[in-house]
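To start, the structure under review is shown below, and the notes come after it.
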Amino acid sequence: MDEIWGQACAALETSVGPNNFNHWIKPLRLTGVDEGIAHFASPTRFISDWVNRHFAKDILGELSRHGAPVERLRFEVVPQTAPGRARAAAPAAPAKPARPVASAAAPATARVGRTDLGAPLDPRYTFGNFVVGKPNELAHAAARRVAEGGPVGFNPLFLYGGVGLGKTHLMHAIAHEYHRRHPMAQVLYLSAEQFMYRFVQALRESTIMDFKGMFRNVNMLMVDDVQFIAGKDSTQEEFFHTFNALVDQGKQIVISADRAPAEIKGLEERIKSRLSSGLIVDVHPTTYELRLGILQSKTEVFRTQQPDLEIGAGVLEFLAHRITTNVRVLEGALQRLFAHASLLRREITLEVAQECLADILRTNDRKISIDDIQRKVAEHYNIRLADMVGPKRARNVARPRQIAMYLSKQLTSRSLPEIGRRFGGRDHTTIMHGIRKVEELVTEDHALAEDVALLKRLLEA
């Protein structure tokens, strides 16, 4: 019977797809077949109900095809035990299947820890291939510390920053390393959108207790893009209680977002307070040195696959200088060059790079972000970056903020409403007033005009 179930699982992974298989079928254990009924142990009623509704025909078909003619499925809820404790198996459950379900999707391929519940993990995102530089060294050190397990002195770890700066890479790396050190631990990684989806589903199907048990019995909870739940009251309520339950049990929580907790509009104050109680780390935009290091690392990996790859002098330096806003775009550009060289058997010269990446280079020309402007102005006037989006109206804060608004209009293609949103959700009329004020002052105040000109040069360098 164990062999039949192993064969059926291998076929099911192909027929229903790896994601569906890992989410719903992999957690099941076939405990026996009796009078045309296949008996399964399921970790939660939520999972068993979903499988019975969506995959019963597939499972019945594969079991019959592999020599176990069954007509119905029957489920028994057998909750998973905590790591380190003996797992009490059902009397009829196989002690060690000849072809276990886990073999259909090993942790190294896509998932780790409590993999039946969360989102897939990318095996490429590890600490081993994460390039560390000044902008991300604190985030990397904190992630490393959390991945070791045990008391860390801060909970949660909150990572925030712009798109393509490495937040997701670090979260996947934490999960991989934590599971390597603690193989029996339950690690749950998912996006805030997935958290909301599962919560709504549990409400609709009256399985909210299963949902609570699912999320509150893990050793580490990792939620990506938490800003997604802003404005969603019921989801925030459940997230708050889940957060508290895990912290009270001493379980580690890792959160990521595109901005600091205090800056997420629509997020309840009590959640902001809880998220701010741990370590908040800003993953800064990349420097030239860090981008070059990433490119060199990716090139070394590709050379192991294509030893005859030839890259001309100055190509990597050129890419690191021209593509500055997003590491994903940078890596995509390099991958395009590798494909070009591989397919056409050509050396990657500077001229080839310019021709092949013309569209990307045009997009990134003069690509100065509002974040860059806010950071540079805050550094110049020695004020906190948070004051750029905060409510303070003191002259020493308001004037630099207006200068940053002015430069955002001058150096980016963003509209006034877009600029307003990046400055703490301010109205576009407020932005317009700030721009006009600076325009007036640069004609009257020589020192301020010099400051504005200097900031422009620094940003355009």
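The values are calculated or read from the model by the stated rules, or taken from the named source; none is laboratory data. Just so it is clear, the structure is predicted and the values come from calculations on it, not from any experiment. With ideal geometry, Cβ positions are generated from the backbone for all residues, glycine too; neighbour counts draw on all protein chains shown.
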Provide a single number: the residues in the range 162-181 that are outside any helix (DSSP H, G or I) and at negative phi.
3
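Test Ile348 against the stated conditions and say whether it is closer than 28 Å to Ala320 by Cβ, hydrophobic (A, V, I, L, M, F, W, C) and under 28 Å from the mean Cα position of the chain (by Cα).
Working: closer than 28 Å to Ala320 by Cβ: yes; hydrophobic (A, V, I, L, M, F, W, C): yes; under 28 Å from the mean Cα position of the chain (by Cα): no.
Here the answer is no, as Ile348 does not meet what is asked.
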Quick check on my filter: what residues within the range 305-317 are touching a residue at least 24 places away in the same chain (Cβ under 8 Å), part of a helix (DSSP H, G or I) and out of contact with any Leu (no Cβ under 6 Å at 6 or more places or on another chain)?
Glu317
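What do you reckon, is Ala358 surrounded by fewer than 15 Cβ atoms within 10 Å (Cβ to Cβ), under 23 Å from Thr286 (Cα atoms), of a type in the set (A, V, I, L, M, F, W, C) and not assigned by TED's automatic domain parsing to the domain that holds Gly164?
Values: surrounded by fewer than 15 Cβ atoms within 10 Å (Cβ to Cβ): yes; under 23 Å from Thr286 (Cα atoms): yes; of a type in the set (A, V, I, L, M, F, W, C): yes; not assigned by TED's automatic domain parsing to the domain that holds Gly164: yes.
Considered against the rule, which asks whether it is surrounded by fewer than 15 Cβ atoms within 10 Å (Cβ to Cβ), under 23 Å from Thr286 (Cα atoms), of a type in the set (A, V, I, L, M, F, W, C) and not assigned by TED's automatic domain parsing to the domain that holds Gly164, Ala358 comes out as yes.
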Candidate set from the range 424-461 (those that are under 19 Å from Thr325 (Cβ atoms) and in contact (Cβ under 8 Å) with a residue 40 or more places away in the chain); member that is nearest to the chain's Cα centre (by Cα)
Leu459
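If you go through the range 275-304 one residue at a time, how many are in a loop (DSSP other than H, G, I, E, B) and out of contact with any strand residue (DSSP E or B) (no Cβ under 9 Å at 6 or more places or on another chain)?
Keep residues of the range 275-304 that are in a loop (DSSP other than H, G, I, E, B), which gives 276-278, 283-287.
Still in the running and out of contact with any strand residue (DSSP E or B) (no Cβ under 9 Å at 6 or more places or on another chain): 277, 284-287.
Selection size over the range 275-304: 5.
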Residue within the range 64-84 that is modelled with pLDDT under 75, outside any helix (DSSP H, G or I) and among the hydroxyl-bearing types (Ser, Thr, Tyr) present
yes
Restricting attention to the range 385-415, the residues that are charged (D, E, K, R) and either closer than 18 Å to Thr286 by Cβ or touching a Gly at 6+ places or on another chain (Cβ under 8 Å) (or both) number exactly 1
Subset of the range 362-404, residues assigned to a helix (DSSP H, G or I), surrounded by fewer than 17 Cβ atoms within 10 Å (Cβ to Cβ), over 26 Å from the mean Cα position of the chain (by Cα) and among the hydrophobic types (A, V, I, L, M, F, W, C), comes to Ala398
Confirm whether Val315 is in contact with a strand residue (DSSP E or B) (Cβ under 8 Å, 6 or more places away or on another chain), within 29 Å of His140 (Cβ to Cβ), surrounded by 18 or more Cβ atoms within 10 Å (Cβ to Cβ) and not charged (D, E, K, R).
yes
For Ala175, are the conditions met, namely being hydrophobic (A, V, I, L, M, F, W, C), surrounded by 18 or more Cβ atoms within 10 Å (Cβ to Cβ), at pLDDT 85 or above and under 27 Å from Leu330 (Cα atoms)?
yes
Among (1) free of Cβ contacts under 8 Å to residues at least 40 places away in the same chain; (2) out of contact with any Phe, Trp or Tyr (no Cβ under 7 Å at 6 or more places or on another chain), which single condition is Ile323 missing?
(1)
For the range 242-258, does any single residue satisfy the condition of being outside the structural domain of Gly390 (by TED's automatic domain parsing), buried (at least 21 other Cβ atoms within 10 Å of the Cβ), touching a helix residue (DSSP H, G or I) at 6+ places or on another chain (Cβ under 6 Å) and farther than 21 Å from Gly213 by Cα?
yes
Leading residue by the ranking (surrounded by the fewest Cβ atoms within 10 Å (Cβ to Cβ)) among those in the range 182-235 that are hydrophobic (A, V, I, L, M, F, W, C) and in a strand (DSSP E or B):
Leu190
Quick one: in the range 259-269, which of the residues that are of a type in the set (Gly, Ala, Ser) and farther than 25 Å from Ile208 by Cβ is surrounded by the most Cβ atoms within 10 Å (Cβ to Cβ)?
Ala260
